[in-house]
Amino acid sequence: MSEAKLFAGARLRRLRLQRGVTQTRMADDLGVSVSYLNLIERNQRPLTAAFLLKLTQAYDLDLRQLTGDDGSAVAAELQALFAEPRLAGLDVARADLAEVAANLPGVAQALLRLGAARTAEVPAAPPGPVETVTALLLDRRNHFPEVDAAAEALADELRLTASDLAAGLAERLRSRHGIAVRILPDAVLPETLRRLDLHARQLQLNESLDAASRTFAIAYQLALIELKPAIDAAVATAGLPGKAHERFAVQTLANYAAAATMMPYGRFHAAAEALGYDLELLQARFGAGFEQVAHRLTTLQRPGLRGIPFLMIRSDRAGNISKRFAAVPSALAEHGGGCPLWVLHAAFDRPGKIMRQLVETEDGQRWLSVTRTVRTYAAPYRQVRPEFAILLAADLASARAMVYADGLDTGPGAATPIGLGCARCHRPACRQRSLAPAGVRLAIDERSRGLTPFRFTRTGDD
């Protein structure tokens, strides 16, 4: 703070409004005058170290919400919008768009909505439950403190009564709720992995589930019963638009609670730090699956006990992204996964092997990426067994605490340049490019051929 002044008034105001706090109330809480707080929110005064300290103490705030680049994804969308041919000739710098996204988020969203309205031939359908809840997870940095705390209390209680977590969970279901856990042959549950039969008072699990998945399924069912108040409270504050969205959010947070019960926050965080975030060792210690551990690592955002802020992506061999979780705001978290140069897609070449890669996005940020394939439940002979690639990534500064950073070349030219997918990427000389970026003007020259068939410019002539 002594070397550079931090002006983040718009972000501070947005955080204040999200909490429903008036300027007068916040000024009282921080021991400053209302006029001084007003000057800060109008970027006429910087945020001092003393002010930030009071702010974190009064509101349990993650400072990265004020200092991080939380407008990067919106800035990327604005950049694509301003690349449209109708706006050719306008000299709008990328830095200007980033400033609008960070400091004037309402204006940025208005511009994006106007752009979408002008280009859409038919009205876009409202976001469904999956899209809405995914956006909620990204907005909350995939951390729900009330659910985490309740799950940790449940895990600590179970730990006192049983050394084996799965057995403890099953006994809790039986003794307290009258529900027995039963493993059934695949032929009996041919298209179902988990089913609660209330008539028989049984939680029925398909035999194809491995040990970690069985534990998770039991923890999920117990969370739906005993942790439902904490889950419902978290869903109620989300302001979701419909019943279907709320039900999907409950299901999603029950999954969150199941993982938090298997890997309770305090113990899991301590183990992750001690083991250098070694995913396979964490698997062994907590009896969890690789994907379960990777997902849990993205949730370690408890104030005063934070882990590395990760993003996680799950992709199939065709590049379809089925999961996105992130503890850090980034365009890579919201839109990444479509670049074939990312190690995410190379994971299928070496099934079950951990691979790492240092990448650099268009904004110059460098990320350490770790990926491995996972195969879900067993399948009968000759039937398809689903396979996915799980990628965990963190910015290089944070990732140095990981065992996967050992011996990593971080010098000039060591990082692989990647984008958000060809339609969103403006790297002009990428040999892997499959199509031109959306909204650019093609520069067609029949007398020569570049590294790709797509030469483009934002303001150039035909």
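Which ones in the range 401-426 are surrounded by 15 or more Cβ atoms within 10 Å (Cβ to Cβ) and charged (D, E, K, R)?
ARG424
Out of curiosity, is THR261 of a type in the set (Val, Ile, Thr), buried (at least 21 other Cβ atoms within 10 Å of the Cβ) and within 22 Å of VAL133 (Cβ to Cβ)?
So THR261 passes the test.
Output the number of the condition that ALA260 fails; it satisfies all remaining conditions of (1) within 22 Å of ASN206 (Cα to Cα); (2) in a helix (DSSP H, G or I); (3) in contact with a helix residue (DSSP H, G or I) (Cβ under 7 Å, 6 or more places away or on another chain); (4) not β-branched (Val, Ile, Thr).
(1)
Among the residues of the range 283-298 satisfying the criterion of being of a type in the set (Gly, Ala, Ser) and in a helix (DSSP H, G or I), which is nearest to TYR404 (Cα to Cα)?
The residue in question is ALA294.
With (1) surrounded by 17 or more Cβ atoms within 10 Å (Cβ to Cβ); (2) within 26 Å of ARG306 (Cβ to Cβ); (3) within 20 Å of the chain's Cα centre (by Cα) as the list, and THR237 as the residue in question, which single condition is left unmet?
Among (1) surrounded by 17 or more Cβ atoms within 10 Å (Cβ to Cβ); (2) within 26 Å of ARG306 (Cβ to Cβ); (3) within 20 Å of the chain's Cα centre (by Cα), the lone unmet condition for THR237 is (1).
Regarding GLN202, is this residue touching a strand residue (DSSP E or B) at 6+ places or on another chain (Cβ under 7 Å), without any contact (Cβ under 8 Å) to a residue 40 or more places away in the chain and among the polar types (S, T, N, Q)?
yes
Could you check the range 13-80 for helices (runs of 4 or more DSSP H) lying wholly inside it with 1 or more residues that are at pLDDT 80 or above and buried (at least 19 other Cβ atoms within 10 Å of the Cβ)?
Once the helices (runs of 4 or more DSSP H) in the range 13-80 are filtered for at least 1 residues that are at pLDDT 80 or above and buried (at least 19 other Cβ atoms within 10 Å of the Cβ), what remains is 23-30, 34-41, 49-59.
State yes or no: is ALA326 hydrophobic (A, V, I, L, M, F, W, C), closer than 20 Å to ASN255 by Cα and in contact with a helix residue (DSSP H, G or I) (Cβ under 6 Å, 6 or more places away or on another chain)?
Yes, satisfied.
Within the range 330-340, which residues are buried (at least 23 other Cβ atoms within 10 Å of the Cβ) and within 13 Å of THR134 (Cα to Cα)?
Listed by number, the list holds a single entry, ALA333.
Residue by residue through the range 268-282, note down the ones that are in contact (Cβ under 8 Å) with a residue 40 or more places away in the chain and either in the same structural domain as ALA150 (by TED's automatic domain parsing) or in a helix (DSSP H, G or I) (or both).
Selection gives GLU273, LEU279, GLU280.
Counting only residues that are farther than 28 Å from ALA98 by Cα and among the hydrophobic types (A, V, I, L, M, F, W, C), which one in the range 302-329 is surrounded by the fewest Cβ atoms within 10 Å (Cβ to Cβ)?
Ranking the qualifying residues of the range 302-329, first place goes to ALA318.
Here's the yes/no breakdown for (1) of a type outside the set (Asp, Glu); (2) surrounded by 13 or more Cβ atoms within 10 Å (Cβ to Cβ); (3) modelled with pLDDT of 70 or more; (4) in the same structural domain as ALA27 (by TED's automatic domain parsing):
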position	(1), (2), (3), (4)
ALA117	yes, no, no, no
GLU121	no, no, no, no
LEU137	yes, yes, yes, no
ASP148	no, yes, yes, no
LEU154	yes, yes, yes, no
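I'd like the full set of residues that are assigned to a loop (DSSP other than H, G, I, E, B) and among the β-branched types (Val, Ile, Thr), limited to the range 424-462.
VAL440, ILE444, THR452, THR459
Quickly run through the range 150-194 and pick out the residues that are more than 21 Å from ALA288 (Cα to Cα) and outside any loop (DSSP other than H, G, I, E, B).
ARG174, SER175, ARG176, HIS177, ALA180, LEU184
The values are calculated or read from the model by the stated rules, or taken from the named source; none is laboratory data. Keep in mind the model is a prediction, meaning the values are calculated, not measured. Positions of Cβ are backbone-derived with ideal geometry, glycine not excepted, and every protein chain shown enters the neighbour counts.
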